[in-house]
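Scroll down for the structure; my scribbles are underneath it.
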Amino acid sequence: MASFVWDCLFCLLPSLLLLLLSLALRWPRVSYWARLSVTAAGWRLWVIICLILELPLDRNTRTWTKEAGSPGTDVLSGSGQASDGPMLICKPTALAKYLLQHCGSLARPRLPSWPMGDPHLQTLSSLLCGQHEDTLQFTRDHLLLRDGGLVALDWAVRTRLGEAVRRKRWEGRKEHQPGGKALGCFTTTPPVLLLIPQSWGGMTPHVKALCHQAVHQGFYVVVFHARGTAGCPLTTARLTEFGDPADFEQAVAYIHSRHPSSVLVAVSEGSGSGILLSYLGECGSSSYLTAAAAISPVLLGQLWFETAMPPIYRWGILFHRKRQLSRYLSSFRAVLDVDRALSCSSLRDFEETISCSSAQLQQRNPRPPVSSLNSGLGSGSHSPQGLAPSVLWALGERAFPSKNWDSYWERNEPLRDADEVAVPVLCICSRDDPLLPPASTLPLSLFQSNPYFLLALTNRGGHCGFTLEGREEMKGERTGNEEVEEGNWSHIAVLEYFRVVADFLKGEERDRVSCAGPQGEYSQAGQRSRSSNMAPTRRRRANMVRRPRLQAPEQISVYAEEDNFTWKRSYTR
């Protein structure tokens with residue numbers, strides 16, 4: 001009998017231990033110490049994993065403990081006091097003051113603490129973790145370019161599941177939306193949101209989540225894919241350079257022709273900012289865009305390629321680039337050293353090989369005259385060959401490879417024409433971004449002097465991460481008449497930024513018309529008609545932001561007073 005009792009106690013011992021543990025965890029002091037022990041053990045395990053994978057550690061405990069706030073500037077008051085919100089670094093203008101008053105999402109990021117607040121987990125979650133519900137599908141258009149190349153435009157449309165989810169959410173919150181208008185429809189026709197993914201192409205879960213958020217708010221969403229990326233066929237032996245906006249400019253003109261009465265805005269993801277910022281600089285006031293934003297942008301391209309990156313990220317990017325190149329080995333073998341490109345172990349060597357080494361081949365094979373350029377991709381010709389003289393004239397220096405690495409960046413640095421940008425640009429960056437150079441290298445002087453550039457700098461977020469903390473708690477919270485959506489903070493901030501900028505520009509237009517009177521309207525119309533008949537002239541200046549003088553971000557404060565800068569654009573299209 002005794003042995004039977006002992007056997008029963010031995011079998012029930014695990015259950016008794018679990019019962020005692022659950023009762024003990026109900027005590028606040030025991031629960032507090034248990035949580036600290038689990039966090040410390042998890043941190044030590046994460047340190048070992050980072051050492052094995054050669055990932056840099058964020059040793060500042062203020063960025064992963066919930067009790068301590070992170071240093072920053074309160075963007076609502078502009079008082080310079082420490083807060084957990086981002087720092088808004090910009091020139092004091094009327095638009096900056098308007099954003100401080102009406103763009104409340106910039107002040108409430110609610111980014112999670114460690115472990116989900118770790119920059120590497122934030123980055124990997126944006127690259128690997130997507131939605132559980134397939135509520136969107138994409139229809140593709142292939143746009144034929146001037147040189148015979150192709151780019152892909154993916155238009156986001158709702159599925160039946162997405163329509164059911166939208167109706168359910170709309171019925172639950174339409175009482176909070178005055179006028180029954182979707183959040184994104186701040187004009188009579190839905191605005192068009194143009195997304196530019198990473199430079200190596202592909203549709204990441206981060207881009208899909210932004211598409212879902214924008215479509216839910218009433219935007220027309222289209223994703224731009226450069227030639228040879230995301231399944232877009234490559235019909236010419238010419239790849240898109242890092243800062244070449246020629247293809248994107250033709251895509252923007254095509255989208256504008258399809259939706260001429262819609263407001264057109266653009267968002268870039270990571271290294272896709274090279275194309276977006278170059279387009280804004282080269283087009284200037286002739287751009288069709290009303291506003292633009294860049295999430296975790298690459299502002300200094302040459303520095304990004306020359307800065308060492310953690311191996312796990314570097315090899316992942318190289319894998320995508322080499323896989324794209326390997327699909328067209330026979331076409332590129334005659335114009336560049338394919339074997340050397342496929343054996344590169346750094347982003348700089350790969351980019352230099354495919355963009356500059358072909359000039360060495362042309363030294364052995366002199367460039368043929370324009371009259372004899374009549375061969376195509378199938379014969380393994382270089383990009384200038386097979387192009388009409390008019391196309392060669394339109395492409396200019398980009399029809400031929402760069403002579404060396406420095407000359408490549410003279411024409412591809414994203415901020416080479418930053419002083420020509422004529423639309424507001426919001427850049428969202430994180431200090432702990434593992435894919436970008438340190439935050440101390442940010443060109444803060446550009447944001448302090450140029451009224452069109454605004455920088456929202458956070459302490460956490462990773463690369464294109466910015467995952468919200470407690471998504472279940474975020475549901476039901478409201479800012480004014482709007483309901484706080486579930487998703488990434490950067491998506492919410494960017495979409496609200498577009499709405500606030502559109503409201504600001506409409507208010508500025510109304511004030512200008514009311515002050516000008518009838519005669520002012522006629523004179524402004526005459527000026528626009530005369531300027532539209534003139535060929536657009538744009539000054540080509542030297543690189544304004546090549547190696548700026550750096551300043552500590554902690555010393556930058558947000559200005560709330562209004563400047564005398566006017567937001568009237570000079571239409572030279």
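The values are calculated or read from the model by the stated rules, or taken from the named source; none is laboratory data. Just so it is clear, the structure is predicted and the values come from calculations on it, not from any experiment. Here the Cβ is made from the backbone with ideal geometry for all residues, glycine too, and neighbour counts use every protein chain on show. Just the protein is used for accessible areas: all its heavy atoms, side chains included, with ligands, DNA and RNA removed. Shrake-Rupley method; radii C 1.70, N 1.55, O 1.52, S 1.80 Å.
Numbers at a glance
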read-out: Of residues in segment 425-453 being within 19 Å of PRO86 (Cα to Cα) and touching a Gly at 6+ places or on another chain (Cβ under 9 Å), the one most open to solvent (accessible area, probe 1.4 Å); value: ARG431
read-out: Complete set of residues in segment 308-320 that are open to solvent by 40 Å² or more (accessible area, probe 1.4 Å) and in a helix (DSSP H, G or I); value: ILE312, ARG314, TRP315, PHE319, HIS320
read-out: Every residue from segment 205-240 that is touching a Pro at 6+ places or on another chain (Cβ under 9 Å), open to solvent by 20 Å² or more (accessible area, probe 1.4 Å) and closer than 27 Å to LEU468 by Cβ; value: TYR220
read-out: Hey, GLY243 among the small types (Gly, Ala, Ser) and modelled with pLDDT under 90 or not; value: no
read-out: Leading residue by the ranking (surrounded by the fewest Cβ atoms within 10 Å (Cβ to Cβ)) among those in segment 350-368 that are of a type outside the set (Ser, Thr, Tyr), at pLDDT 80 or above and touching a Lys or Arg at 6+ places or on another chain (Cβ under 8 Å); value: CYS356
read-out: Candidate set: segment 334-346, residues that are farther than 21 Å from ALA226 by Cβ and modelled with pLDDT of 85 or more; chosen: the one most open to solvent (accessible area, probe 1.4 Å); value: ARG340
read-out: Filtered residue count, segment 277-289, keeping only those that are open to solvent by 40 Å² or more (accessible area, probe 1.4 Å) and either under 14 Å from the mean Cα position of the chain (by Cα) or not charged (D, E, K, R) (or both); value: 1
read-out: One residue from ALA422, ALA456, ALA418 being within 18 Å of CYS283 (Cβ to Cβ) and open to solvent by less than 10 Å² (accessible area, probe 1.4 Å); value: ALA418
read-out: Residue within segment 399-407 that is at pLDDT below 90 and either assigned to a helix (DSSP H, G or I) or farther than 23 Å from GLY243 by Cβ (or both) present; value: yes
read-out: Flag for ALA293 being over 26 Å from ALA230 (Cβ atoms), at pLDDT 85 or above and outside any helix (DSSP H, G or I); value: no
read-out: Residues of segment 243-274 satisfying the condition of being touching a strand residue (DSSP E or B) at 6+ places or on another chain (Cβ under 8 Å) and either open to solvent by 20 Å² or more (accessible area, probe 1.4 Å) or in a loop (DSSP other than H, G, I, E, B) (or both); value: GLN250, TYR254, HIS256, HIS259, SER262, VAL263
read-out: Only listed residue being part of a loop (DSSP other than H, G, I, E, B), at pLDDT 70 or above and touching a Phe, Trp or Tyr at 6+ places or on another chain (Cβ under 9 Å), chosen from HIS491, HIS463; value: HIS463
read-out: Filter result for LEU329 (open to solvent by 10 Å² or more (accessible area, probe 1.4 Å) and under 18 Å from the mean Cα position of the chain (by Cα)); value: no
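Rundown of residues vs (1) assigned to a loop (DSSP other than H, G, I, E, B); (2) modelled with pLDDT under 70; (3) open to solvent by 20 Å² or more (accessible area, probe 1.4 Å), yes/no style:
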residue: GLY69; (1), (2), (3): yes, yes, yes
residue: ASP74; (1), (2), (3): yes, yes, yes
residue: GLN81; (1), (2), (3): yes, yes, yes
residue: GLY85; (1), (2), (3): yes, yes, no
residue: LEU99; (1), (2), (3): no, no, no
residue: LEU106; (1), (2), (3): no, no, no
residue: PRO115; (1), (2), (3): yes, no, yes
residue: SER126; (1), (2), (3): no, no, no
